[in-house]
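The values are calculated or read from the model by the stated rules, or taken from the named source; none is laboratory data. From a predicted model like this one, the values you see are computed outputs, not experimental measurements. Don't worry about glycine lacking a Cβ; one is built from the backbone with ideal geometry, like all the others, and counts go over all protein chains shown.
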Amino acid sequence: MIRSTFVHAPWVGYPTESRLWREGVRTWDDFLERNPRLRVGTDRRRAIQQEVERSRSRLKAGDYRYFARRLKPRDQWRAIGEWGDRAMFLDIETTGLRRNRHHVTVIGLNDGKRTRQFIEGVDLDEFPAAISKAPMVVTFNGSRFDLPFLQGWWPQLRFEQIHADLLYPLHALGLSGGLKEIETTLGVERTEETRNIRGYDAVKLWRRFERGDEDALDLLLEYNRQDVENLVPLMHHAYRNLRARILGARPPATG
DNA sequence: CAGAGGATCCTCTTGTTCAG
DNA sequence: CTGAACAAGAGGATCCTCTG
C-alpha cells in the first residue's frame, strides 16, 4: 500500500492520487514506466517524479524514518504492509488527560506476540530502550494522546518510527466512536473482569493501588493488556479492508 | 499569442472528536 | 473535565487547456 501512495509528493493531493489509481497507475513502478498525464507543468512534474524515485529507493533501503517524516499521521497506516509484522502495539494509562498536570502510570507494549508492561515506580524508565528499535508503532488515537503524552514525560525521547494510528483508517471504514465501541462492532472480545472498565476507571484503579490495594494494580494491568492486545486484530482488519476498498476497486467499465 | 475558464494546489478558520 | 489533529469550507494562487 505504501507503494501506491502519491499524496506525499508536492503538488499531489487526494483528488490527483485518486485519479491516478482510477487510471490504473497503482504503484510507483506504474508511474515511472507510464509517465501518466498530470495537470502540472514540467518543473512540478519533475519534482513529483523525483519524489516517486526517492520513495522507491528509500523503501528498498528499508528507511522507515523517511516515511515517518514524509507521511501525514492519517496516512501512515499505509505502511502496515511493509513494517506491520515488526510493529510495537502501544497503550498507556495515566492519572488524567492533561500532560502538564498528570503523569504516566502504566505502559503496555506488545510486539505482535507478547505483551510487556512498564509500571511507574518499578521499571517505567526501561520503556524508551524497549521501543527504540521498532520501525513502527501502532496505537488508537495515539497521535492526539499517547505519543504527545510520552513526549511530555520524556522530552528527550524521539519517536522516529512510523506511527499507524488506527483511529483514522477505522473511521474511514465507517467505524466511528472510541476503541471500545469499535471492538464491540467488530466482535473483538474482552475478559469478564475488564469488560466494564473504561478510561477514567484506570485513573481510579491507580489511586486505589497507591493507597495500598495490590488487587487494583492487577486489574489495571489486565485492563491495559486487553487494550493493547486488541489493537492487533484491529490493525489487520483496518489494513485488509481499506486496502481492498482503495486498490481492489475496479476502474469504470468501458462501453 | 492572449485571455477565459477550470482544476486543484496551499493556507487559514471553525467545529468535532477521542484519549485517561 | 484538556489538547491536538482531522474534516469541511472559503479564499488566493498557479498553471493547464481551449479558442480565436
Since A:Phe89 meets every condition but one in (1) touching a residue at least 60 places away in the same chain (Cβ under 8 Å); (2) away from DNA strand B (no atom under 13 Å from the Cβ), which condition does it not meet?
(2)
Search result, residues across the range A:195-208 that are assigned to a helix (DSSP H, G or I) and either of a type in the set (S, T, N, Q) or more than 19 Å from A:Val228 (Cα to Cα) (or both)
A:Lys204, A:Arg207, A:Arg208
Just give me the residues in the range A:132-174 being away from DNA strand B (no atom under 14 Å from the Cβ), of a type in the set (A, V, I, L, M, F, W, C) and either out of contact with any strand residue (DSSP E or B) (no Cβ under 6 Å at 6 or more places or on another chain) or modelled with pLDDT under 90 (or both), in sequence order.
A:Trp154, A:Leu157, A:Phe159
Verdict on A:Asp63 being in contact (Cβ under 8 Å) with a residue 40 or more places away in the chain and within 30 Å of A:Leu147 (Cβ to Cβ):
no
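Listed here are the residues, each with its yes/no results for (1) assigned to a helix (DSSP H, G or I); (2) over 19 Å from A:Leu231 (Cα atoms); (3) more than 15 Å from DNA strand C (Cβ to nearest atom).
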residue: A:Ala134; (1), (2), (3): no, no, yes
residue: A:Gln151; (1), (2), (3): yes, yes, no
residue: A:Pro155; (1), (2), (3): no, yes, no
residue: A:His163; (1), (2), (3): no, no, no
residue: A:Tyr168; (1), (2), (3): yes, no, no
Find the residue count for the range A:16-33, including only residues that are within 16 Å of DNA strand C (Cβ to nearest atom), in a helix (DSSP H, G or I) and more than 18 Å from A:Gln76 (Cα to Cα).
3
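Mind telling me which of the residues A:Gly81, A:Gly62, A:Gly108 ends up being more than 16 Å from DNA strand B (Cβ to nearest atom) and under 16 Å from the mean Cα position of the chain (by Cα)?
Working: A:Gly62 fails: under 16 Å from the mean Cα position of the chain (by Cα); A:Gly108 fails: more than 16 Å from DNA strand B (Cβ to nearest atom).
Testing whether each residue is more than 16 Å from DNA strand B (Cβ to nearest atom) and under 16 Å from the mean Cα position of the chain (by Cα) leaves just A:Gly81.
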Quickly run through the range A:209-234 and pick out the residues that are under 27 Å from A:Leu170 (Cβ atoms) and either part of a loop (DSSP other than H, G, I, E, B) or not assigned by TED's automatic domain parsing to the domain that holds A:Asp146 (or both).
A:Asn230
